[in-house]
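Okay, structure first, notes after.
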Amino acid sequence: MEVNVTPVRDKKNARKRKANPLEWKRAKEKMLRYSLHSLPVYPTCGHKTKAFQCALLTMLEIRTFQEKFCSDKKKLVQDNFILQFCKAEKVMHYRPKNGKHGKKLFQKKFCILSLQKTRVLVCKNALMGILGITRRRIDTVINNFVRTSFPPNKNREGDRKMETYSERKK
């Protein structure tokens, strides 16, 4: 008894479709959330001091910096990019203006990579306008890094049940 079985040549013509997570609605929304929304905004603050050199930036430098930030549309990669160009330093002197506010633990410094591969210090508003992100996202990334001293990681994936019931299994 002969059985003629013809193999399927194209995967598209097979009966069972393979799962493609990049085509799912939730994945598309996530990609849109962390993709480029608008062109970068040139800093209007006009800083040209030792602390900040926002006015010395060219539009080409700003555009290339934003393209590097948005090249990967994953949140973890973008958060690590933010940490590369932000620095939290311990405050040396505590000089309160009035007694209402508590002591600042650290001071944040922000910089941008220029075309000559040097870091140019900028203010927070300039960084927010260039990257097109909110103040809250920058603060959250830096505060979590200072608090835990670990880079950002995924907290919502993985096998949670194995961790929960591993003690019962023994």
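What follows is calculated from the coordinates using simple rules that are stated; it is not laboratory data. In this text, all values refer to a predicted model and were calculated from it rather than measured experimentally. Reconstructed Cβ throughout: ideal geometry from the backbone, glycine too, with neighbour counts over all protein chains shown.
Under the criterion of Cα pairs below 8 Å and six or more residues apart, the relative contact order for region 1-107 equals 16 percent.
Taking 0.36 nm per residue of separation and subtracting the current Cα-Cα distance, fully stretching the chain between K169 and W24 would add 48.7 nm. To the nearest ten degrees, helix 135-148 and the longest principal axis of the Cα atoms of the chain are 80 degrees apart.
Evaluated over the Cα positions of region 74-163, the convex hull gives a direction-averaged projected area, one quarter of its surface, of 8.9 nm². A straight chain from E89 to N153 at 0.36 nm per residue would run longer than the Cα-Cα distance by 20.8 nm. Geometric descriptor of region 114-170, per residue, is 160 Å³ (volume of the convex hull of the Cα atoms).
The ellipsoid equivalent to the alpha-carbon distribution of region 23-88 has semi-axes of 29, 14, 9 angstrom, derived from the gyration tensor eigenvalues as √(5λ) and listed largest first. Once the Cβ-Cβ distance between M162 and S71 is put in as r, and R0 is 45 Å, what FRET efficiency do you end up with, to the nearest 0.05? Calculated transfer efficiency: 0.85.
Based on DSSP H segments of at least four residues, each scored -39500 (n - 2.57), the chain has a per-residue ellipticity at 222 nm of -10000 deg cm²/dmol. Calculated over region 98-138, the projected area of the Cα convex hull averaged across directions stands at 4.2 nm².
The C-alpha atoms of the chain define a longest principal axis, and helix 59-70 lies at about 40 degrees to it.
Between R33 and K124, the simple label model (points 7 Å from Cα in the Cβ direction) yields a spacing of 2.3 nm. Using just the C-alpha positions of region 11-170 as equal point scatterers, what log10 of I(q)/I(0) does the Debye formula give at each q in 0.10, 0.18 1/Å? Summing over Cα pairs of region 11-170 leads to -0.54, -1.18.
Sequence-distant contacts, meaning Cα pairs under 8 Å at least 6 residues apart, place the relative contact order of region 100-142 at 25 percent. Dipole size of region 1-103 about its Cα centre, with +1 on Lys/Arg Cβ and -1 on Asp/Glu Cβ: approximately 480 debye, rounded to the nearest 20. A compact globular protein would have a Cα radius of gyration near 2.2 N^0.38 Å; the ratio found for region 63-119 is 1.56.
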